[in-house]
1. Out of the chymotrypsin sites (Phe, Trp or Tyr not before Pro) in region 110-148, which ones are loop residues according to DSSP with at most 16 other C-beta atoms within 10 Å?
2. In what sequence do HIS86, HIS38, HIS27, HIS68 fall when counting other Cβ within 10 Å, fewest first?
3. Taking 7 Å along the Cα-to-C-beta vector as the label spot, tell me the VAL180-ASN25 distance in nanometres, rounded to one decimal.
4. DSSP beta bridges in the chain, what fraction antiparallel, as a percent rounded to 5?
5. Say R0 is 45 Å: what FRET efficiency, to the nearest 0.05, do ALA45 and MET117 get from their beta-carbon distance?
6. Treating only the Cβ atoms of Lys and Arg (+1) and Asp and Glu (-1) as charged, compute the dipole magnitude of region 55-160 about its Cα centre; round to the nearest 20 debye.
7. Taking only the C-alpha atoms, wrap a convex hull around the chain and report its volume per residue in Å³ as a whole number.
8. Working out 0.36 nm times the residue gap between ASN161 and PHE149, then minus their Cα-Cα distance, what length gain in nm do you get to one decimal?
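We did not get these values from a lab; they are worked out from the coordinates using the rules stated. Note that the structure is a prediction, hence the values are computed from the model and not measured. Positions of Cβ are generated from backbone atoms using ideal geometry, with glycine treated the same way; all protein chains shown enter the neighbour counts.
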Amino acid sequence: MTKVLSKYIPQAAVEASFALIKANNVHLKIVNERVTRHGDYRKMANGQHQITVNASLNKYRFFITLIHEIAHLVAFQKYGRAIKPHGKEWKFTFQQLMLPFIRPEIFPSQLLPLLAMHFKNPRASSDTDARLSLALKQFDPENDKNYIFEIPANGLFRLYNGKIFKRGNKRVKRYECLEVATGRVYLFNPNAEVEFLKTEA
């Protein structure tokens with residue numbers, strides 16, 4: 001297992017991560033990319049805990065996702081299954097599990113202050129923290145994706161499911177985007193990743 005983990009997470013975090021996986025009876029499943037989520041946790045019928053993480057994530061995002069999902073497991077065991085999935089119990093658990101890893105042996109120096117800020121009040125997804133998400137993206141392999149905030153006004157873009165949208169105005173934190181086929185308006189996070197097509201006049 002440590003050999004497998006070495007392929008996906010920072011080397012300095014491997015031993016401690018393996019200890020967490022073992023202590024919590026986790027079956028770690030590394031899967032091909034699912035576009036809607038980085039990972040998930042579920043309790044299996046046999047009592048084992050399965051955590052699934054996308055293989056395509058860069059090692060820092062993979063590691064954060066792994067600890068995020070272990071935090072769900074630990075929080076449910078400690079506080080009961082009636083708690084909110086990303087409520088205060090999960091946030092506290094995620095903080096406690098993650099803090100020992102926020103150090104220069106594990107993360108590059110440019111990520112450390114952003115991680116420290118993020119983990120004062122961790123969110124349901126690191127993707128909703130625009131500054132951290134952008135900083136993590138620089139470690140991704142090259143791809144043809146753009147963030148919503150990089151798409152020009154009235155620019156057309158395509159989602160992973162093939163639907164095409166036109167980018168509208170920013171409303172507080174999110175962008176109003178018109179689905180071309182239906183005329184319906186949806187709100188998008190600024191750092192949702194999409195495929196830019198063209199700008200309409």
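1. Passing sites in region 110-148 are PHE139.
2. Starting with the residue having the fewest Cβ neighbours, the order is HIS27, HIS86, HIS38, HIS68.
3. Result for the modelled spin labels: 5.2 nm.
4. 80 percent
5. 0.70
6. 440 debye
7. Spelled out: Cα convex hull of the chain, divided by residues, is 145 Å³.
8. Gain in length upon complete extension: 2.4 nm.
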